[in-house]
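S.K.: If you scroll down you'll find the structure; I have some questions about it.
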Amino acid sequence: MALSTPTELYLIRHGIAAERGTYLNDGDRPLTDNGRAKTQRVAERLVDLKLHFNTLLTSPLLRATQTADILVNAGPASTAAISQLLATGGHLAAWLNWLDAWQATGNQRLALVGHEPDLSHWGQQLVQGDISDRWILKKAGIIGLQVPAARQAIGQSRLIWLAPPRFIAPR
């Protein structure tokens, strides 16, 4: 199927979480109070900007699911689904297979909640075709892309937004 309108893809890093090493299992680290507050401000700003995601996928790690819950409760998404493809160390090629099927549904705006360095690496590969330099995605920050058909996305996507939370929702 030829995709006439590019997918708007938003890569959202989870909010500020408890320090590494404070929990036996890294996946159990929750958002801090500051992390919840900052993520809430970002979510509210997305509502102000009238961004609504047809689909919101999240990593299964607690800090990511809590971030996704904040986004759902604020309104940029109606529901969130957990995807193992977004767990730390996820593979872009596997996710692109998922994207190919999703694009066939006709949906146009997608958000992924995940982790660094995965999200910035995926964004770089989609835009540049490689990860030759280092993009940095701050906690609760967002990379926005226009992505063509999944099979042509690597190196053919267009960067539309790369913003830390302080630019999205200043205090």
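S.K.: Around G106, under 15 Å between beta carbons, what's the net of Lys plus Arg minus Asp minus Glu among the other residues?
M.R.: With Lys, Arg at +1 and Asp, Glu at -1, the net is -1.
S.K.: Quick one: net charge of F167's neighbours, Cβ under 11 Å, K/R +1, D/E -1? The partial results should precede the final answer.
M.R.: On the way: positive: R45, K138, R166; negative: none.
Computed value for this residue: +3.
S.K.: Which percentage, to the nearest 5, of the DSSP beta bridges contained in the stretch 7-168 is antiparallel? The partial results should precede the final answer.
M.R.: On the way: 12 of 25 bridges.
Around 50 percent antiparallel, to the nearest 5.
S.K.: Taking the alpha-carbon centroid of each part, what is the distance from the stretch 37-52 to the stretch 89-128 in angstrom?
M.R.: Here the two parts' Cα centres lie 21 Å apart.
S.K.: What aspartates and glutamates sit close enough to K138 to cross-link, taking a C-alpha to C-alpha distance under 14 Å and skipping anything fewer than 8 places away on the same chain?
M.R.: E116, D118
S.K.: Using only DSSP helix segments of four residues or longer, with each worth -39500 (n - 2.57), what per-residue ellipticity at 222 nm results for the chain after dividing by its residue count and rounding to 500?
M.R.: Details: 5 runs with 56 residues, N = 171.
Taken over the chain, the calculation gives -10000 deg cm²/dmol.
S.K.: So how compact is the stretch 7-168: Cα radius of gyration and Dmax in angstrom?
M.R.: Expressed in Å, the Cα Rg and Dmax of the stretch 7-168 come to 14.6, 43.
S.K.: Something else now. Report the full-extension gain for the segment D133 to V47: residue separation times 0.36 nm, less the Cα-Cα distance, to one decimal in nm. It would help to have the intermediate numbers written out before the result.
M.R.: Values: separation 86, 0.36 × 86 = 30.96 nm, distance 3.19 nm.
Stretched out fully, the D133 to V47 stretch lengthens by 27.8 nm.
Rule-based calculations on the coordinates, nothing more; no lab input. Predicted model, so just to flag it, every value in this text is computed and none were measured. Quick reminder, even Gly has a Cβ in these numbers, built from the backbone with ideal geometry, and neighbours come from all protein chains shown.
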